[in-house]
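Here's the structure we're looking at; comments come further down.
The values are calculated or read from the model by the stated rules, or taken from the named source; none is laboratory data. Only a predicted model underlies this, so the values are computations on that prediction, with no experimental measurement involved. Counting neighbours? That spans all protein chains shown, and the Cβs are built from the backbone with ideal geometry, glycine included.
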Amino acid sequence: MERQVSIWEQETFFAHQNIIIIGSGLVGLWCAWVLKTKHPLAKITIVEKGIIPTGASTRNAGFACFGSPTEMIHDASVMGEAKMWATVGMRYRGIEKIRDHFGDNIIDYDNCGGYECLTNEQAEHVADHIDWLNAGMKQITGLDKAFGWCNEKLQEFGFDGFDTLIENKMEGGLHSGKLVQALMQKVQGAGVTILTGLEVTSIKDEEVSIQIQTANGMNFFATKVLYCTNAFSSALITNLPITPARGQILVTSPIENLKMRGTFHYDEGYYYFRNLGNRVLIGGARNKAFDEEQTTELSTSNTVQQELEFFLSNHILPGVDYSITNRWSGIMGLSENKEPVIKQVSKNSLAVIACNGMGVALSPMIAEQVAEYF
Ligand SMILES: Cc1cc2nc3c(=O)[nH]c(=O)nc-3n(C[C@H](O)[C@H](O)[C@H](O)COP(=O)(O)OP(=O)(O)OC[C@H]3O[C@@H](n4cnc5c(N)ncnc54)[C@H](O)[C@@H]3O)c2cc1C
(Lines give C-alpha, C1' and ligand atoms only; values in the text may rest on other atoms or scores of the structure.)
Protein backbone atom coordinates (compact mmCIF):
# COMPACT_ATOMS: atom_id res chain seq x y z
CA MET A 1 0.00 0.00 0.00
CA GLU A 2 1.32 3.42 -0.92
CA ARG A 3 2.52 5.44 2.07
CA GLN A 4 0.33 8.47 2.66
CA VAL A 5 2.34 11.62 3.23
CA SER A 6 1.21 14.19 5.79
CA ILE A 7 1.20 17.85 4.85
CA TRP A 8 3.94 18.42 7.45
CA GLU A 9 6.14 15.77 5.84
CA GLN A 10 5.35 17.08 2.39
CA GLU A 11 6.47 20.58 3.35
CA THR A 12 9.69 19.48 5.06
CA PHE A 13 11.34 16.08 4.51
CA PHE A 14 9.77 15.54 1.07
CA ALA A 15 9.77 19.18 -0.11
CA HIS A 16 11.55 20.08 -3.31
CA GLN A 17 15.26 20.53 -2.52
CA ASN A 18 17.78 22.83 -4.09
CA ILE A 19 20.39 20.07 -3.90
CA ILE A 20 20.08 16.35 -3.23
CA ILE A 21 23.30 14.51 -2.52
CA ILE A 22 23.26 10.74 -3.00
CA GLY A 23 25.67 9.04 -0.57
CA SER A 24 26.65 10.07 2.96
CA GLY A 25 30.31 9.05 2.86
CA LEU A 26 33.03 11.59 3.48
CA VAL A 27 32.67 13.10 0.02
CA GLY A 28 28.88 13.55 0.31
CA LEU A 29 29.19 14.99 3.81
CA TRP A 30 32.00 17.42 3.03
CA CYS A 31 30.16 18.56 -0.13
CA ALA A 32 27.04 19.16 1.96
CA TRP A 33 29.04 21.17 4.49
CA VAL A 34 30.82 23.35 1.93
CA LEU A 35 27.65 23.96 -0.12
CA LYS A 36 25.55 24.80 2.94
CA THR A 37 28.26 27.18 4.13
CA LYS A 38 28.37 28.87 0.73
CA HIS A 39 24.55 28.93 0.32
CA PRO A 40 23.04 29.04 3.83
CA LEU A 41 19.46 29.30 2.52
CA ALA A 42 19.75 26.32 0.18
CA LYS A 43 17.66 23.28 1.04
CA ILE A 44 20.03 20.33 0.98
CA THR A 45 19.21 16.68 1.66
CA ILE A 46 21.56 13.69 1.67
CA VAL A 47 20.01 10.34 0.74
CA GLU A 48 21.93 7.28 1.97
CA LYS A 49 21.14 3.64 1.22
CA GLY A 50 22.67 2.27 4.44
CA ILE A 51 21.51 2.87 8.01
CA ILE A 52 24.91 4.56 8.32
CA PRO A 53 27.40 5.35 5.52
CA THR A 54 28.20 1.97 4.00
CA GLY A 55 31.12 2.07 1.61
CA ALA A 56 34.63 3.19 2.47
CA SER A 57 34.34 6.11 4.89
CA THR A 58 33.65 4.24 8.14
CA ARG A 59 35.45 1.07 7.03
CA ASN A 60 38.92 2.38 6.18
CA ALA A 61 42.21 2.34 8.10
CA GLY A 62 42.07 5.92 9.38
CA PHE A 63 45.49 6.99 8.09
CA ALA A 64 45.85 10.76 7.95
CA CYS A 65 48.61 10.48 5.38
CA PHE A 66 49.59 12.47 2.35
CA GLY A 67 52.18 10.41 0.48
CA SER A 68 54.77 7.71 1.09
CA PRO A 69 58.00 7.74 -0.97
CA THR A 70 57.47 4.69 -3.24
CA GLU A 71 53.85 5.70 -3.81
CA MET A 72 54.87 9.24 -4.80
CA ILE A 73 57.63 8.06 -7.15
CA HIS A 74 55.19 5.64 -8.75
CA ASP A 75 52.39 8.22 -9.01
CA ALA A 76 54.69 10.76 -10.66
CA SER A 77 55.40 8.19 -13.36
CA VAL A 78 51.68 7.45 -13.87
CA MET A 79 50.03 10.89 -13.58
CA GLY A 80 53.02 13.17 -14.15
CA GLU A 81 55.00 15.15 -11.57
CA ALA A 82 52.76 18.22 -11.46
CA LYS A 83 49.59 16.24 -10.78
CA MET A 84 51.31 14.07 -8.20
CA TRP A 85 52.45 17.15 -6.24
CA ALA A 86 49.02 18.75 -6.60
CA THR A 87 47.42 15.65 -5.08
CA VAL A 88 49.94 15.51 -2.23
CA GLY A 89 49.25 19.22 -1.56
CA MET A 90 45.49 18.63 -1.47
CA ARG A 91 45.94 15.72 0.93
CA TYR A 92 48.17 17.80 3.22
CA ARG A 93 45.72 20.71 3.28
CA GLY A 94 42.79 18.32 3.67
CA ILE A 95 44.26 16.90 6.88
CA GLU A 96 44.93 20.41 8.17
CA LYS A 97 41.32 21.32 7.44
CA ILE A 98 39.97 18.26 9.28
CA ARG A 99 42.08 19.04 12.35
CA ASP A 100 41.06 22.72 12.27
CA HIS A 101 37.37 21.82 12.01
CA PHE A 102 37.15 19.27 14.79
CA GLY A 103 40.22 19.55 17.00
CA ASP A 104 42.35 16.47 17.61
CA ASN A 105 40.43 15.12 20.63
CA ILE A 106 37.08 14.74 18.88
CA ILE A 107 38.50 12.57 16.10
CA ASP A 108 41.25 10.84 18.15
CA TYR A 109 43.91 12.38 15.90
CA ASP A 110 47.21 10.76 16.84
CA ASN A 111 50.31 12.63 15.76
CA CYS A 112 52.21 9.34 15.64
CA GLY A 113 54.21 9.79 12.43
CA GLY A 114 54.01 7.94 9.13
CA TYR A 115 56.56 5.34 8.00
CA GLU A 116 57.37 3.27 4.96
CA CYS A 117 59.08 -0.10 5.42
CA LEU A 118 61.45 -0.92 2.58
CA THR A 119 63.64 -3.68 1.21
CA ASN A 120 67.23 -2.74 0.31
CA GLU A 121 66.32 -2.58 -3.36
CA GLN A 122 63.35 -0.26 -2.70
CA ALA A 123 65.51 1.85 -0.35
CA GLU A 124 68.11 2.38 -3.10
CA HIS A 125 65.36 3.55 -5.44
CA VAL A 126 64.01 5.93 -2.77
CA ALA A 127 67.55 7.17 -1.95
CA ASP A 128 67.97 8.15 -5.62
CA HIS A 129 64.85 10.36 -5.31
CA ILE A 130 65.09 11.57 -1.70
CA ASP A 131 66.35 15.10 -2.46
CA TRP A 132 63.64 15.59 -5.07
CA LEU A 133 61.01 14.25 -2.66
CA ASN A 134 62.12 16.52 0.18
CA ALA A 135 62.35 19.56 -2.09
CA GLY A 136 58.77 19.01 -3.30
CA MET A 137 57.53 18.38 0.23
CA LYS A 138 59.16 21.59 1.42
CA GLN A 139 57.03 23.56 -1.05
CA ILE A 140 53.93 22.02 0.55
CA THR A 141 54.78 21.70 4.23
CA GLY A 142 57.53 24.26 4.72
CA LEU A 143 59.64 21.58 6.39
CA ASP A 144 63.24 21.14 5.18
CA LYS A 145 63.40 17.36 5.39
CA ALA A 146 59.95 15.80 5.51
CA PHE A 147 61.43 12.34 4.93
CA GLY A 148 64.23 11.01 7.08
CA TRP A 149 65.79 7.53 7.43
CA CYS A 150 65.21 5.91 10.82
CA ASN A 151 66.46 2.33 10.50
CA GLU A 152 67.16 2.10 14.22
CA LYS A 153 63.39 2.08 14.83
CA LEU A 154 62.95 -1.25 12.98
CA GLN A 155 64.32 -3.03 16.03
CA GLU A 156 62.61 -0.70 18.49
CA PHE A 157 59.22 -1.52 16.89
CA GLY A 158 59.99 -5.28 16.92
CA PHE A 159 59.63 -5.73 13.14
CA ASP A 160 61.27 -8.50 11.12
CA GLY A 161 62.01 -8.88 7.41
CA PHE A 162 62.27 -5.22 6.40
CA ASP A 163 65.69 -3.74 5.56
CA THR A 164 65.11 -0.02 6.09
CA LEU A 165 62.56 2.45 7.43
CA ILE A 166 61.81 6.00 6.34
CA GLU A 167 59.76 8.43 8.39
CA ASN A 168 57.48 11.41 7.83
CA LYS A 169 56.86 12.99 11.24
CA MET A 170 53.89 15.05 10.00
CA GLU A 171 51.60 12.10 9.29
CA GLY A 172 49.26 10.51 11.80
CA GLY A 173 46.15 8.46 12.35
CA LEU A 174 42.57 9.22 13.32
CA HIS A 175 39.33 7.46 14.29
CA SER A 176 37.28 7.08 11.12
CA GLY A 177 34.00 6.45 12.96
CA LYS A 178 34.41 9.54 15.12
CA LEU A 179 35.33 11.67 12.11
CA VAL A 180 32.25 10.65 10.11
CA GLN A 181 29.96 10.96 13.12
CA ALA A 182 31.30 14.43 13.99
CA LEU A 183 30.97 15.55 10.37
CA MET A 184 27.39 14.23 10.21
CA GLN A 185 26.50 16.15 13.35
CA LYS A 186 28.12 19.30 11.98
CA VAL A 187 26.27 19.03 8.69
CA GLN A 188 22.92 18.33 10.37
CA GLY A 189 23.56 21.18 12.81
CA ALA A 190 23.95 23.49 9.82
CA GLY A 191 20.48 22.49 8.56
CA VAL A 192 21.18 19.68 6.12
CA THR A 193 18.73 16.74 6.27
CA ILE A 194 20.18 13.21 6.14
CA LEU A 195 17.78 10.40 5.23
CA THR A 196 19.15 6.88 5.65
CA GLY A 197 18.03 3.40 4.64
CA LEU A 198 16.96 4.85 1.31
CA GLU A 199 18.55 3.40 -1.83
CA VAL A 200 18.31 5.51 -4.95
CA THR A 201 17.39 3.28 -7.87
CA SER A 202 17.12 5.75 -10.73
CA ILE A 203 17.14 9.41 -11.64
CA LYS A 204 14.81 11.12 -14.07
CA ASP A 205 16.30 14.36 -15.30
CA GLU A 206 13.21 16.37 -16.20
CA GLU A 207 12.96 19.87 -17.66
CA VAL A 208 12.65 21.89 -14.44
CA SER A 209 13.55 19.42 -11.73
CA ILE A 210 15.21 16.08 -11.20
CA GLN A 211 13.19 13.17 -9.84
CA ILE A 212 15.05 10.76 -7.58
CA GLN A 213 13.40 7.35 -7.31
CA THR A 214 14.15 5.08 -4.37
CA ALA A 215 13.86 1.35 -3.64
CA ASN A 216 10.97 1.83 -1.20
CA GLY A 217 8.91 3.67 -3.79
CA MET A 218 9.36 7.21 -2.47
CA ASN A 219 10.31 9.89 -4.95
CA PHE A 220 12.24 13.06 -4.20
CA PHE A 221 12.66 16.19 -6.29
CA ALA A 222 15.60 18.57 -6.57
CA THR A 223 17.03 21.26 -8.78
CA LYS A 224 20.52 19.77 -8.68
CA VAL A 225 21.88 16.34 -7.81
CA LEU A 226 25.33 15.25 -6.67
CA TYR A 227 26.26 11.59 -7.02
CA CYS A 228 28.65 10.86 -4.15
CA THR A 229 28.18 7.13 -4.55
CA ASN A 230 31.84 6.27 -5.14
CA ALA A 231 32.44 2.60 -6.03
CA PHE A 232 28.69 1.95 -6.33
CA SER A 233 28.12 4.65 -8.96
CA SER A 234 27.94 2.33 -11.96
CA ALA A 235 24.55 1.09 -10.71
CA LEU A 236 23.17 4.59 -11.39
CA ILE A 237 25.37 6.07 -14.12
CA THR A 238 26.78 4.37 -17.20
CA ASN A 239 30.23 4.88 -18.72
CA LEU A 240 31.95 6.13 -15.60
CA PRO A 241 35.73 5.65 -15.43
CA ILE A 242 35.61 3.94 -12.03
CA THR A 243 36.46 0.44 -10.78
CA PRO A 244 35.50 -0.95 -7.37
CA ALA A 245 38.37 -2.23 -5.25
CA ARG A 246 37.69 -4.01 -1.99
CA GLY A 247 40.07 -3.34 0.88
CA GLN A 248 40.18 -5.82 3.75
CA ILE A 249 41.28 -5.17 7.31
CA LEU A 250 41.81 -7.09 10.54
CA VAL A 251 42.53 -5.96 14.11
CA THR A 252 44.29 -7.85 16.91
CA SER A 253 43.41 -8.22 20.56
CA PRO A 254 45.19 -5.84 22.97
CA ILE A 255 48.91 -6.67 23.20
CA GLU A 256 50.87 -6.12 26.40
CA ASN A 257 53.89 -3.87 25.85
CA LEU A 258 53.19 -3.41 22.16
CA LYS A 259 56.37 -1.93 20.70
CA MET A 260 55.19 -0.38 17.46
CA ARG A 261 53.55 3.02 17.23
CA GLY A 262 52.68 4.89 14.05
CA THR A 263 51.07 4.45 10.65
CA PHE A 264 53.07 2.23 8.29
CA HIS A 265 53.08 1.48 4.57
CA TYR A 266 54.78 -1.30 2.66
CA ASP A 267 54.97 -2.27 -1.01
CA GLU A 268 53.69 0.98 -2.57
CA GLY A 269 50.88 1.07 -0.03
CA TYR A 270 49.47 -2.40 -0.84
CA TYR A 271 50.06 -3.23 2.83
CA TYR A 272 49.28 -0.76 5.63
CA PHE A 273 49.29 -1.20 9.38
CA ARG A 274 49.10 0.95 12.50
CA ASN A 275 48.64 0.69 16.23
CA LEU A 276 45.22 1.44 17.73
CA GLY A 277 46.32 1.99 21.31
CA ASN A 278 47.80 -1.40 22.18
CA ARG A 279 46.18 -3.28 19.30
CA VAL A 280 47.38 -3.60 15.71
CA LEU A 281 45.26 -2.89 12.63
CA ILE A 282 46.49 -4.25 9.30
CA GLY A 283 44.90 -3.99 5.87
CA GLY A 284 45.59 -4.44 2.19
CA ALA A 285 47.11 -7.37 0.28
CA ARG A 286 44.69 -6.65 -2.56
CA ASN A 287 47.57 -7.30 -4.93
CA LYS A 288 47.39 -11.01 -3.97
CA ALA A 289 43.95 -11.34 -5.58
CA PHE A 290 43.31 -8.37 -7.87
CA ASP A 291 40.43 -9.96 -9.79
CA GLU A 292 38.66 -11.32 -6.71
CA GLU A 293 38.91 -7.92 -4.99
CA GLN A 294 37.39 -5.98 -7.90
CA THR A 295 33.98 -6.19 -6.28
CA THR A 296 31.39 -4.15 -4.36
CA GLU A 297 30.68 -7.15 -2.07
CA LEU A 298 31.22 -6.07 1.55
CA SER A 299 32.68 -9.34 2.84
CA THR A 300 36.13 -10.77 3.57
CA SER A 301 37.97 -13.54 1.71
CA ASN A 302 40.27 -16.33 2.91
CA THR A 303 43.00 -15.47 0.41
CA VAL A 304 43.47 -11.92 1.63
CA GLN A 305 42.78 -12.53 5.33
CA GLN A 306 45.31 -15.38 5.43
CA GLU A 307 47.91 -13.22 3.69
CA LEU A 308 47.31 -10.39 6.20
CA GLU A 309 47.66 -12.85 9.10
CA PHE A 310 50.86 -14.25 7.59
CA PHE A 311 52.32 -10.76 7.13
CA LEU A 312 51.32 -9.77 10.65
CA SER A 313 52.86 -12.78 12.40
CA ASN A 314 56.04 -12.84 10.31
CA HIS A 315 56.90 -9.17 9.93
CA ILE A 316 55.04 -7.03 12.46
CA LEU A 317 54.48 -9.16 15.55
CA PRO A 318 57.02 -12.01 15.30
CA GLY A 319 56.97 -14.12 18.48
CA VAL A 320 54.10 -12.14 20.02
CA ASP A 321 50.87 -13.68 21.40
CA TYR A 322 47.57 -12.22 20.18
CA SER A 323 44.28 -13.17 18.60
CA ILE A 324 42.26 -11.54 15.82
CA THR A 325 39.18 -9.76 17.16
CA ASN A 326 37.79 -7.85 14.15
CA ARG A 327 37.69 -8.40 10.40
CA TRP A 328 35.89 -6.28 7.80
CA SER A 329 36.09 -4.83 4.34
CA GLY A 330 35.27 -1.53 2.64
CA ILE A 331 35.02 -0.62 -1.01
CA MET A 332 37.24 1.97 -2.69
CA GLY A 333 36.54 3.63 -6.02
CA LEU A 334 39.55 3.76 -8.35
CA SER A 335 39.88 5.91 -11.46
CA GLU A 336 42.15 5.09 -14.40
CA ASN A 337 44.88 7.64 -13.55
CA LYS A 338 44.50 7.90 -9.74
CA GLU A 339 42.86 11.34 -10.06
CA PRO A 340 39.50 11.96 -8.35
CA VAL A 341 36.63 12.34 -10.82
CA ILE A 342 34.34 15.39 -10.84
CA LYS A 343 32.17 14.82 -13.88
CA GLN A 344 29.05 16.49 -15.20
CA VAL A 345 26.47 13.70 -15.68
CA SER A 346 23.74 15.99 -17.03
CA LYS A 347 23.05 19.75 -17.06
CA ASN A 348 22.05 19.68 -13.39
CA SER A 349 23.89 16.71 -11.96
CA LEU A 350 27.49 16.02 -11.09
CA ALA A 351 29.36 12.85 -10.08
CA VAL A 352 32.04 13.33 -7.41
CA ILE A 353 33.75 10.00 -7.04
CA ALA A 354 36.97 7.97 -6.96
CA CYS A 355 39.21 9.22 -4.18
CA ASN A 356 41.48 6.26 -5.02
CA GLY A 357 42.02 5.15 -1.43
CA MET A 358 43.00 8.67 -0.27
CA GLY A 359 39.57 10.07 0.60
CA VAL A 360 40.05 10.81 4.29
CA ALA A 361 42.50 13.55 3.37
CA LEU A 362 41.20 14.44 -0.09
CA SER A 363 37.47 14.76 0.52
CA PRO A 364 37.46 18.19 2.25
CA MET A 365 39.43 19.67 -0.65
CA ILE A 366 37.39 17.94 -3.36
CA ALA A 367 34.27 19.48 -1.79
CA GLU A 368 35.80 22.94 -2.28
CA GLN A 369 36.29 22.21 -5.98
CA VAL A 370 32.67 21.04 -6.21
CA ALA A 371 31.45 24.33 -4.68
CA GLU A 372 32.80 26.14 -7.75
CA TYR A 373 30.06 24.45 -9.80
CA PHE A 374 27.32 25.98 -7.59
C1 LIG B 1 39.85 -0.74 3.55
C2 LIG B 1 40.05 0.71 3.22
C3 LIG B 1 41.08 1.43 3.81
C4 LIG B 1 41.25 2.77 3.52
N5 LIG B 1 42.16 3.49 4.24
C6 LIG B 1 42.26 4.82 4.03
C7 LIG B 1 43.13 5.59 4.81
O8 LIG B 1 43.75 5.06 5.72
N9 LIG B 1 43.26 6.92 4.54
C10 LIG B 1 42.54 7.51 3.51
O11 LIG B 1 42.72 8.70 3.26
N12 LIG B 1 41.65 6.81 2.81
C13 LIG B 1 41.49 5.48 3.04
N14 LIG B 1 40.59 4.78 2.33
C15 LIG B 1 39.79 5.46 1.31
C16 LIG B 1 38.69 6.33 1.88
O17 LIG B 1 38.00 5.63 2.90
C18 LIG B 1 37.76 6.69 0.72
O19 LIG B 1 38.52 7.33 -0.29
C20 LIG B 1 36.62 7.61 1.14
O21 LIG B 1 35.99 7.12 2.29
C22 LIG B 1 35.65 7.73 -0.02
O23 LIG B 1 34.52 8.43 0.44
P24 LIG B 1 33.24 8.51 -0.49
O25 LIG B 1 32.27 9.34 0.21
O26 LIG B 1 33.63 8.85 -1.89
O27 LIG B 1 32.75 6.99 -0.61
P28 LIG B 1 31.94 6.06 0.42
O29 LIG B 1 32.41 6.22 1.80
O30 LIG B 1 31.99 4.69 -0.18
O31 LIG B 1 30.46 6.63 0.36
C32 LIG B 1 29.57 6.35 -0.70
C33 LIG B 1 28.20 6.26 -0.06
O34 LIG B 1 27.21 6.19 -1.08
C35 LIG B 1 26.18 5.34 -0.63
N36 LIG B 1 25.44 4.88 -1.81
C37 LIG B 1 25.95 4.18 -2.85
N38 LIG B 1 24.98 3.93 -3.75
C39 LIG B 1 23.84 4.51 -3.26
C40 LIG B 1 22.49 4.58 -3.75
N41 LIG B 1 22.15 4.03 -4.91
N42 LIG B 1 21.58 5.24 -3.02
C43 LIG B 1 21.93 5.82 -1.82
N44 LIG B 1 23.19 5.76 -1.31
C45 LIG B 1 24.12 5.12 -2.03
C46 LIG B 1 26.94 4.23 0.07
O47 LIG B 1 26.10 3.48 0.94
C48 LIG B 1 28.04 4.99 0.79
O49 LIG B 1 27.68 5.34 2.10
C50 LIG B 1 40.39 3.41 2.57
C51 LIG B 1 39.37 2.70 1.97
C52 LIG B 1 39.19 1.36 2.29
C53 LIG B 1 38.06 0.60 1.65
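Scanning region 187-198 for residues that are crowded, with 16+ Cβ neighbours inside 10 Å and more than 18 Å from Asn18 (Cα to Cα) yields one hit, Leu198. Evaluated against (1) out of contact with any Ser or Thr (no Cβ under 7 Å at 6 or more places or on another chain); (2) under 29 Å from Phe13 (Cα atoms); (3) surrounded by fewer than 18 Cβ atoms within 10 Å (Cβ to Cβ), Leu35 falls short on exactly one condition, (3). Checked against (1) part of a loop (DSSP other than H, G, I, E, B); (2) crowded, with 20+ Cβ neighbours inside 10 Å, Tyr322 passes all but a single condition, namely (2). Being surrounded by fewer than 20 Cβ atoms within 10 Å (Cβ to Cβ) and within 16 Å of the ligand (Cβ to nearest atom) is the requirement here; does Ser329 meet it? The answer is no for Ser329. Close contacts from region 346-374, counting a first residue that is at positive phi and a second that is aliphatic (A, V, I, L, M), with Cβ to Cβ under 8 Å and a gap of 6+ residues or different chains, come to Ala354/Ile242; Ala354/Leu334; Ala354/Val341; Asn356/Met332; Asn356/Leu334; Gly357/Ala245; Gly357/Met332; Gly357/Leu334. Confirm whether Gly23 is of a type in the set (Gly, Ala, Ser) and within 12 Å of Val187 (Cα to Cα). So Gly23 does not fit the description; no.
Would you point out which residue out of Ile52, Ile7 is surrounded by fewer than 21 Cβ atoms within 10 Å (Cβ to Cβ), over 18 Å from Phe221 (Cα atoms) and aliphatic (A, V, I, L, M)? Don't jump to the end; show me each part of the working.
Working: Ile7 fails: over 18 Å from Phe221 (Cα atoms).
Ile52 is the lone residue from the list that is surrounded by fewer than 21 Cβ atoms within 10 Å (Cβ to Cβ), over 18 Å from Phe221 (Cα atoms) and aliphatic (A, V, I, L, M).
Highlighted here are the strands (runs of 3 or more DSSP E) found entirely within region 1-120 that include at least 2 residues which are within 15 Å of the ligand (Cβ to nearest atom) and touching an Asp or Glu at 6+ places or on another chain (Cβ under 6 Å): 114-118.
Among the residues of this structure, Val126 counts as one that is in a helix (DSSP H, G or I), modelled with pLDDT of 95 or more, surrounded by 16 or more Cβ atoms within 10 Å (Cβ to Cβ) and in contact with a helix residue (DSSP H, G or I) (Cβ under 6 Å, 6 or more places away or on another chain).
Applying the selection to region 301-319, what residues are buried (at least 16 other Cβ atoms within 10 Å of the Cβ) and either in a loop (DSSP other than H, G, I, E, B) or free of Cβ contacts under 8 Å to residues at least 60 places away in the same chain (or both)? Break it down stepwise before answering.
Let us first name the residues in region 301-319 that are buried (at least 16 other Cβ atoms within 10 Å of the Cβ), namely 301, 304-305, 307-309, 311-312, 315-317.
Ser301, Val304, Gln305, Glu307, Glu309, Phe311, Leu317 - these are the residues of region 301-319 that are buried (at least 16 other Cβ atoms within 10 Å of the Cβ) and either in a loop (DSSP other than H, G, I, E, B) or free of Cβ contacts under 8 Å to residues at least 60 places away in the same chain (or both).
Pairing each residue of region 276-300 that is under 26 Å from Glu256 (Cβ atoms) with any residue that is away from the ligand (no atom under 13 Å from the Cβ) and assigned to a strand (DSSP E or B), provided the two are 6+ apart or on different chains, yields C-beta distances under 7 Å for Arg279/Thr252; Val280/Thr252. State which residue is surrounded by the fewest Cβ atoms within 10 Å (Cβ to Cβ) when the search covers only region 213-267 and only residues that are among the aromatic types (Phe, Trp, Tyr) and part of a strand (DSSP E or B). Only one residue fits best here, namely Phe221.
Checked across region 166-186, the condition of being surrounded by fewer than 20 Cβ atoms within 10 Å (Cβ to Cβ), in a strand (DSSP E or B) and among the β-branched types (Val, Ile, Thr) holds for no residue.
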